[in-house]
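Structure first, commentary second.
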Amino acid sequence: MKNLLIKADNIVGLEYLLYEKNMKDSIDLVYIDPPYATGGNFTITNGRATTISNSKNGDIAYTDTLKGADFIEFLRERLLLLRELLSAQGAIYLHIDYKIGHYVKVMMDEVFGVDNFRNDITRIKCNPKNFDRVGYGNIKDMILFYTKSSHPIWNEPREKYLEKDFEKLFPKTDKQGRRYATVPIHAPGETENGKSNQPFKGILPPAGRHWRTDVETLEEWDKEGLIEWSSTGNPRKIIYADEREGKRVQDIWEYKDPQYPTYPTEKNAEMLDLIIKTSSNKDSIVLDCFCGSGTTLKAAQINNRQWIGIDQSEYAIKATIGKLETIERNLFETKAEYHLVEIEKNKISHNFQKQRCTQKNVEQSG
Ligand SMILES: C[S@@+](CC[C@H](N)C(=O)[O-])C[C@H]1O[C@@H](n2cnc3c(N)ncnc32)[C@H](O)[C@@H]1O
């Protein structure tokens, strides 16, 4: 498949992928950053994007006028199609703000299933503001993360330790100067007649607990000097800082958006890089059907994923083409090759109608 950049209302763009391109169950990752029901217009003035939604100047890049229940229904219709397009190992990340986000969460629980809800990620989006308003400053928005099933693609991301993390998490230093921490070698829960409740050096696990591994492995660790014995004879496992790949990524992310965006509400490229690396593989197709300036598509391209972008705004398509052209050609990054497709709303809706009728006929005859 070639990469696709589609200029269309995404309802018809998604129908096109589903019914004309037969792409049911084939997308591994969706990231979308739709309008947030702000009631405003986002503009571009002399090639510079405004970061606020109610600017009176410039050309309108996109409007954000749907509100309340109409906005939720607008999103729901698109999410139903996205669910069909997602593969069994697929995931969806939906970026939204704190005002409408909780309503979107309830609706997404219905579409994707509560069991498939993974995270409500808090994204720190900007520096603290000093606007005069009743209420605390708002520096975050949210990303709702769902998977299609219980076995999604998951390439565990790791975050580098900072110097202060080393001091806090690995407070001890051995004779060679290596930083380390110790952890208990037992865990909650009793096992009966198992290998993890046998005596180790004559000691049994404390009441209500079992050894974290079998006794042979504990003996191995001890021989290799990986067990530290306290003065009272309590054994603990040594964990060296330099053997850890990094710390687990948590659900508060600090990825501030560009200060001088090429497109209104352009998102942070490194954040998209993390999402793509974590929730897709090299042969995956990544889809963003509110692609704006193509931040997702560029990150997908750089990570050697296939991609599909959809946006109805001419400014967005131009910004995306411009952004894809900034990909440097080097050993690891390849120039983006893609088909640009423009779809009229009526044409595909007609096909969609046809598809719906065919499905109905099949149901009736079956
Ligand atoms: C918040 S912006 C996306 C910004 C993007 N994440 C980036 O980093 O540049 C939302 C985009 O959704 C597009 N959009 C809104 N409604 C749409 C629809 N029904 N079909 C296609 N695109 C739509 C707008 O044109 C706008 O470009």
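The values are calculated or read from the model by the stated rules, or taken from the named source; none is laboratory data. Bear in mind the structure is a predicted one, so any value in this text is a computation, not a measurement. Virtual Cβ from ideal backbone geometry, glycine too; neighbours counted across all protein chains shown.
Out of segment 232-272, which residues are without any contact (Cβ under 8 Å) to a residue 12 or more places away in the chain and either within 10 Å of the ligand (Cβ to nearest atom) or assigned to a loop (DSSP other than H, G, I, E, B) (or both)?
Result: THR232, ASN234, GLN250, PRO258, GLN259.
Under the condition of being surrounded by fewer than 18 Cβ atoms within 10 Å (Cβ to Cβ) and part of a loop (DSSP other than H, G, I, E, B), which residue from segment 1-25 is modelled with the lowest pLDDT?
For segment 1-25, the residue satisfying everything is MET1.
Hey, LYS277 hits all of (1) free of Cβ contacts under 8 Å to residues at least 60 places away in the same chain; (2) surrounded by fewer than 18 Cβ atoms within 10 Å (Cβ to Cβ) but one; which does it fall short on?
Here LYS277 clears every test but (1).
What are the pairs, 6+ residues apart or on separate chains, where a residue within segment 300-321 that is on the phi > 0 side of the Ramachandran plot has its Cβ under 6 Å from a residue that is within 14 Å of the ligand (Cβ to nearest atom) and not aliphatic (A, V, I, L, M)?
none
Could you list, in sequence order, the residues of segment 237-276 that are among the hydrophobic types (A, V, I, L, M, F, W, C) and under 21 Å from the mean Cα position of the chain (by Cα)?
Matches in segment 237-276: VAL249, ILE252, TRP253, ALA269, MET271, LEU272, LEU274, ILE275, ILE276.
Might you let me know whether segment 117-125 holds any residue that is within 16 Å of the ligand (Cβ to nearest atom), assigned to a strand (DSSP E or B), over 19 Å from ASP311 (Cα atoms) and touching a helix residue (DSSP H, G or I) at 6+ places or on another chain (Cβ under 9 Å)? Before the answer, list the steps.
Keep residues of segment 117-125 that are within 16 Å of the ligand (Cβ to nearest atom), which gives 121, 123, 125.
Add one more test, that the residue is assigned to a strand (DSSP E or B), and what stays is 121, 123.
Filter once more, keeping what is over 19 Å from ASP311 (Cα atoms): 121, 123.
Now narrow it down to the ones that are touching a helix residue (DSSP H, G or I) at 6+ places or on another chain (Cβ under 9 Å): 123.
Yes: segment 117-125 contains one or more residues that are within 16 Å of the ligand (Cβ to nearest atom), assigned to a strand (DSSP E or B), over 19 Å from ASP311 (Cα atoms) and touching a helix residue (DSSP H, G or I) at 6+ places or on another chain (Cβ under 9 Å).
Can you name the condition, by its number, that TYR136 falls short on among (1) touching a strand residue (DSSP E or B) at 6+ places or on another chain (Cβ under 7 Å); (2) among the hydroxyl-bearing types (Ser, Thr, Tyr); (3) at pLDDT below 95?
Every listed condition holds for TYR136 apart from (1).
For (1) surrounded by 12 or more Cβ atoms within 10 Å (Cβ to Cβ); (2) more than 29 Å from the chain's Cα centre (by Cα); (3) in a loop (DSSP other than H, G, I, E, B), each residue gets a yes or a no:
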| site | (1), (2), (3) |
| --- | --- |
| HIS102 | yes, no, no |
| VAL106 | no, no, no |
| ASN138 | yes, no, yes |
| ASP141 | yes, no, no |
| TYR146 | yes, no, no |
| SER149 | yes, no, yes |
| TYR161 | yes, no, yes |
| PHE166 | yes, no, no |
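Please enumerate the residues belonging to segment 145-189 that are touching a residue at least 24 places away in the same chain (Cβ under 8 Å), under 30 Å from ASP115 (Cα atoms) and not polar (S, T, N, Q).
Passing the criteria: PHE145, TYR146, LYS148, HIS151, PRO152, ILE153, TRP154, GLU156, PRO157, ARG158, GLU159, ALA187.
Taking the condition of being within 16 Å of the ligand (Cβ to nearest atom) and either of a type in the set (Phe, Trp, Tyr) or touching a strand residue (DSSP E or B) at 6+ places or on another chain (Cβ under 9 Å) (or both), how many residues in segment 73-105 meet it?
Summing the residues that are within 16 Å of the ligand (Cβ to nearest atom) and either of a type in the set (Phe, Trp, Tyr) or touching a strand residue (DSSP E or B) at 6+ places or on another chain (Cβ under 9 Å) (or both) in segment 73-105 gives 15.
If you scan segment 59-72, which residues turn out to be within 13 Å of the ligand (Cβ to nearest atom) and either basic (Lys, Arg) or surrounded by 18 or more Cβ atoms within 10 Å (Cβ to Cβ) (or both)?
ALA61, TYR62, ASP64, PHE71
If TRP154 meets every condition in (1) surrounded by 14 or more Cβ atoms within 10 Å (Cβ to Cβ); (2) at pLDDT 95 or above; (3) among the aromatic types (Phe, Trp, Tyr) apart from one, which number is that one?
(1)
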